[in-house]
Amino acid sequence: MPGAKEHIRTTCPRDCYDACGIVVIRRGGKATKVLGDPEHPVSRGALCGKCALAYNGVFRDPTTRIATPLHRVGPKGEGSFEPISWETALTAVAERLTNIAADPGPEAILHTHYTGTCSLIAGSFAERFFNRLGATEVEPDTICNNAGHVALGYVYGTSTDGFDPRTARDARCIVVWGANPSTSAPHAHKHWLKEAPGKIIVVDPIRHPTAAAADLHLQPFPGSDGALAFAIVHVLRRDGLINRDFIAANVIGWEEVEPVVEGCDPAWGEEVTGVPAAVIEEAARIYGHGPSLLWLGQGLQRQPMGGNVFRACAMLPAVTGNLGKPGAGFYYLNGDARRGIDGDYLRAPGLRRRPAQPISHMDLPDRLADREGSRALISWNMNVAASGPQQRRLREALTREDLFTVVVDLFGTDTTDFADIVLPAASFLEFDDLVASYFNLTISAQVKASEPIGEALPNQEIFRRLAHALGFTEPELYESDPELIATLLDQVGFEGGFAALAERGTVDLWPEPVIQFADLTFATPSGRIEIASQRAAEDGLPRAPLPHADARPSGGRLRLLSPASPWLMNDSYANDARIAERIGPASVALNPEDAAELGLADGQDARLSNETGSLVLRVMVSEEVPPGVALAHKGRWPKREREGANVNTLNPGVKTDMGESTSVHAVEVLVVPTP
Ligand SMILES: Nc1nc2c(c(=O)[nH]1)N[C@H]1C(S)=C(S)[C@@H](COP(=O)(O)OP(=O)(O)OC[C@H]3O[C@@H](n4cnc5c(=O)[nH]c(N)nc54)[C@H](O)[C@@H]3O)O[C@H]1N2
Ligand SMILES: Nc1nc2c(c(=O)[nH]1)N[C@H]1C(S)=C(S)[C@@H](COP(=O)(O)OP(=O)(O)OC[C@H]3O[C@@H](n4cnc5c(=O)[nH]c(N)nc54)[C@H](O)[C@@H]3O)O[C@H]1N2
Ligand code: SF4
Ligand SMILES: [Mo]
């Protein structure tokens with residue numbers, strides 16, 4: 001290929017713990033290959049398998065990407081569109097939104113968004129537009145991790161100031177509880193955990209590769225982790241591993257839970273969680289001798305009592321004093337604010353003229369079925385027709401002729417199929433932005449490596465143009481990318497500007513590992529760690545965590561888990577031919593015992609069903625899955641599946657105890673052979 005060869009250094013902005021460094025090879029101004037950056041501390045020259053394929057496949061394929069604005073010419077859901085100009089599209093959207101905002105009011109305009117891209121500007125700037133418009137936000141975290149956020153807020157006053165992963169060098173133990181790094185943080189699995197000097201304990205019903213590689217694997221029945229945490233604390237107390245000085249100085253509420261803890265011995269723990277008593281004892285001993293790190297996974301809290309689970313697990317660092325020193329702490333997510341980024345600056349909630357009234361993703365199907373409550377839906381950075389609960393009901397609601405639907409995406413997804421107007425988004429390879437890993441305390445440059453496909457535009461530019469089309473005048477709606485990037489770099493304290501960051505790719509914002517809660521002050525009402533919380537009680541919740549375990553499924557049902565797939569990124573990549581080939585037909589993994597009892601063999605089809613829906617999947621018999629549990633990964637595209645549905649057709653959308661969030665790992669199903 002003619003032209004000089006260039007290397008552009010950039011960063012992967014997917015919703016992933018790793019935030020890998022990327023090198024794009026460019027010839028004659030065109031990106032020809034996307035590779036891992038050998039100098040990046042996380043990726044060390046290799047992207048994950050899925051991105052290595054998708055960034056050299058569907059992401060750069062002009063025949064698959066949406067290249068122009070489109071308008072619908074067939075029935076909703078069919079996906080028949082014709083190209084239109086940006087001007088026609090923006091005028092049409094502006095006219096409809098202006099009319100709805102005037103009558104019945106902007107609250108009838110809903111917007112759904114999540115982390116299709118996690119880059120700072122493309123992931124957040126559009127919220128300025130929606131705040132100015134006064135639209136109803138479908139609270140993004142309710143599809144993912146809100147129960148954990150609310151729970152940790154009660155206990156520690158924050159859920160987004162986790163440990164600095166670099167402090168693993170000082171830890172004698174790392175507990176990974178309800179996360180699967182081998183899939184969701186592949187480089188943390190391959191390098192960070194492997195190189196950590198401490199013992200690794202994994203708590204997960206599934207024996208995934210991280211669990212199999214651990215020093216100790218606890219396999220509780222899903223939804224029983226609250227009880228498991230109490231049993232571990234029982235052993236810590238019995239064996240004198242409780243740090244009473246630390247508790248006296250920093251914790252309130254221990255005396256309320258201590259009598260409960262006393263009754264939760266390992267034999268009881270074994271009975272309610274399925275984890276052998278000896279294994280509970282061993283985990284407590286290793287953790288209690290610390291210093292210890294505790295990684296609370298997002299999968300862990302997608303349970304009906306997920307908030308309680310998090311409050312129970314959050315007792316561990318508090319009662320052992322595993323905080324405020326090297327090698328100690330807990331981690332859920334490391335947020336932007338941790339680095340000094342001002343979320344209000346990014347999103348401008350001050351542009352809102354009336355108080356926000358967000359709704360939960362669990363309520364979206366109902367709200368969209370309600371003609372009075374919803375007149376328009378704008379979905380960006382999200383494929384809600386694939387990822388949301390009550391899939392059948394949601395899709396039915398999306399066929400409403402009088403629901404004006406606009407979808408912004410790179411690809412023709414299940415959600416774009418229901419749109420009246422589709423707007424083409426540029427991919428991360430096509431514009432500058434910043435990436436703040438939610439694991440490592442870094443800041444990275446996302447650098448433009450090629451021109452956008454067709455007429456695609458970055459999210460932020462699309463919403464600037466929409467703001468203009470609606471006649472909005474607030475300057476925040478028009479701030480340029482260079483201005484935004486400069487301000488954000490200023491906030492994180494990076495000197496030298498974007499060009500300097502782009503040259504380096506990723507920088508650590510602190511030279512040495514940051515000590516979590518170094519000053520042992522907490523943003524709770526008391527300023528201490530609140531195992532018992534008056535605020536929780538005022539919100540109608542128990543004052544303190546409970547040693548709860550969900551009831552086991554009855555009537556022959558199995559508990560269906562649908563966590564991340566190693567080959568898909570949420571609802572992205574299913575349309576990449578090489579990935580589709582690799583993952584094969586949608587499957588469900590069953591323990592050999594269950595498979596035998598159900599009369600199912602490997603490779604056979606089975607129908608999964610419950611009150612919400614039904615779905616045929618290919619059976620895989622696997623020792624990774626314990627008896628009583630079925631495993632079917634998320635992320636398939638309904639329209640590419642044989643029945644036009646994915647696993648969310650089985651998800652009733654039951655809300656968690658806290659934060660109105662998803663309890664998708666509590667779905668129960670009957671499994672029967674298909675005739
Ligand atoms: N059964 C089941 N369902 C689940 C889960 C589960 O565990 N089980 N997990 C839930 C969780 S944790 C999450 S986070 C959600 C995620 O679900 P989604 O948010 O729906 O999935 P994503 O694949 O992250 O992103 C959706 C879309 O963003 C698009 N996109 C990528 N980059 C850009 C961009 O720059 N601009 C625009 N406009 N679009 C872009 C992609 O093409 C993709 O279509 O799914 C939830 N659903
Ligand atoms: N390859 C890949 N990587 C991803 C994603 C992806 O789709 N694909 N999605 C990204 C997103 S949006 C997110 S939120 C993260 C999520 O990443 P994680 O935090 O790893 O969460 P999940 O993949 O939902 O589930 C992790 C584990 O939780 C376990 N689990 C489920 N219920 C319970 C329970 O009751 N108790 C315990 N102890 N464990 C339980 C599941 O068996 C699973 O192994 O991953 C991100 N990374
Ligand atoms: S999805 Fe995660 S593992 Fe894959 S390239 Fe992106 S940051 Fe790395
Ligand atoms: Mo997520």
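Which pairs turn up if I take residues in the range 553-571 that are under 16 Å from Arg607 (Cα atoms) and more than 6 Å from ligand 2 (Cβ to nearest atom) and look for partners that are assigned to a loop (DSSP other than H, G, I, E, B) and of a type outside the set (D, E, K, R) with beta carbon separation below 7 Å, at least 6 apart in sequence or on another chain?
Filtered contacts from the range 553-571: Leu558/Gly628; Arg559/Pro222; Arg559/Pro553; Arg559/Gly628; Leu560/Ala632; Ser562/Ala632; Ser562/His633.
Within the range 331-338, can one find any residue that is of a type in the set (Gly, Ala, Ser) and assigned to a helix (DSSP H, G or I)?
Yes: one or more hits.
Being within 16 Å of Gly321 (Cβ to Cβ), touching a Phe, Trp or Tyr at 6+ places or on another chain (Cβ under 7 Å) and more than 16 Å from ligand 4 (Cβ to nearest atom): is that true of Val175 here?
When the stated conditions are applied, Val175 passes them.
In the range 125-148, what count of residues is obtained for those that are more than 22 Å from Ala386 (Cα to Cα) and more than 12 Å from ligand 1 (Cβ to nearest atom)?
The number of residues fulfilling the criteria is 9.
Return the total of residues in the range 666-675 being surrounded by fewer than 24 Cβ atoms within 10 Å (Cβ to Cβ) and either within 14 Å of ligand 2 (Cβ to nearest atom) or part of a strand (DSSP E or B) (or both).
Going through the range 666-675 one residue at a time, the tally reaches 6.
Hey, can you tell me all the residues within the range 26-58 that are more than 17 Å from Arg9 (Cα to Cα) and either more than 15 Å from ligand 2 (Cβ to nearest atom) or among the charged types (D, E, K, R) (or both)?
Selection gives Lys50, Gly57, Val58.
Before we move on, is Thr142 within 11 Å of the chain's Cα centre (by Cα), under 18 Å from Thr662 (Cβ atoms), within 16 Å of ligand 3 (Cβ to nearest atom) and β-branched (Val, Ile, Thr)?
no
Among the residues of the range 644-656, is any among the polar types (S, T, N, Q), closer than 30 Å to Leu53 by Cα and part of a loop (DSSP other than H, G, I, E, B)?
yes
Among the listed residues Glu139, Glu127, identify the single one that is surrounded by fewer than 21 Cβ atoms within 10 Å (Cβ to Cβ) and either of a type in the set (D, E, K, R) or within 16 Å of ligand 4 (Cβ to nearest atom) (or both).
Only one candidate qualifies: Glu139.
Consider only pairs whose beta carbons are under 7 Å apart and that are at least six residues apart or on different chains; among these, list those whose first residue lies in the range 338-357 and is on the phi > 0 side of the Ramachandran plot and whose second residue is in a helix (DSSP H, G or I).
Pairs found: Gly340/Gln491; Gly340/Val492; Ala348/Arg128; Ala348/Asn131; Ala348/Glu476.
Considering every residue within the range 60-67, establish whether at least one is within 30 Å of Pro165 (Cα to Cα), among the charged types (D, E, K, R) and modelled with pLDDT of 95 or more.
no
Restricting attention to the range 105-140, which residues are under 21 Å from Gly340 (Cα atoms) and assigned to a helix (DSSP H, G or I)?
Leu120, Ile121, Ala122, Gly123, Ser124, Ala126, Glu127, Arg128
Do you know which of the residues in the range 544-558 that are under 18 Å from Glu271 (Cα atoms) and among the charged types (D, E, K, R) is surrounded by the most Cβ atoms within 10 Å (Cβ to Cβ)?
Going through the qualifying residues, I end up with Asp550.
Please enumerate the residues belonging to the range 11-25 that are within 22 Å of the chain's Cα centre (by Cα) and either away from ligand 2 (no atom under 16 Å from the Cβ) or at pLDDT below 95 (or both).
Gly21, Ile22
Kindly indicate whether Glu401 is under 20 Å from Asp363 (Cβ atoms) and surrounded by fewer than 24 Cβ atoms within 10 Å (Cβ to Cβ).
no
Restricting the range 32-55 to residues that are in a loop (DSSP other than H, G, I, E, B) and within 10 Å of Asp18 (Cβ to Cβ), which is nearest to ligand 4 (Cβ to nearest atom)?
Cys48
Given the residues Gly269, Gly274, Gly288, Gly297, which is the only one that is more than 20 Å from Ala314 (Cβ to Cβ) and not hydrophobic (A, V, I, L, M, F, W, C)?
None of the others qualify; the one that does is Gly274.
For the range 283-304, how many residues are part of a loop (DSSP other than H, G, I, E, B), farther than 14 Å from Gly226 by Cα and away from ligand 4 (no atom under 16 Å from the Cβ)?
2
Cβ-Cβ below 6 Å, separation at least six or inter-chain, first residue in the range 12-26 and in a loop (DSSP other than H, G, I, E, B), second within 11 Å of ligand 1 (Cβ to nearest atom) and among the small types (Gly, Ala, Ser): which pairs?
Close Cβ pairs (under 6 Å, with a partner that is within 11 Å of ligand 1 (Cβ to nearest atom) and among the small types (Gly, Ala, Ser)) amount to Pro13/Ser119.
All but one of (1) under 21 Å from Ala179 (Cα atoms); (2) of a type in the set (S, T, N, Q); (3) out of contact with any Ser or Thr (no Cβ under 9 Å at 6 or more places or on another chain) hold for Asn570, so report the exception by its number.
That leaves (3) as the condition not met.
Can you give me the number of residues within the range 584-609 that are more than 12 Å from Val672 (Cβ to Cβ) and in a loop (DSSP other than H, G, I, E, B)?
Residues meeting the conditions: 7.
The values are calculated or read from the model by the stated rules, or taken from the named source; none is laboratory data. What you see is a predicted model; the values in this text were computed from it and never measured. Backbone-built Cβ (ideal geometry, glycine too); neighbour counts: all protein chains shown.
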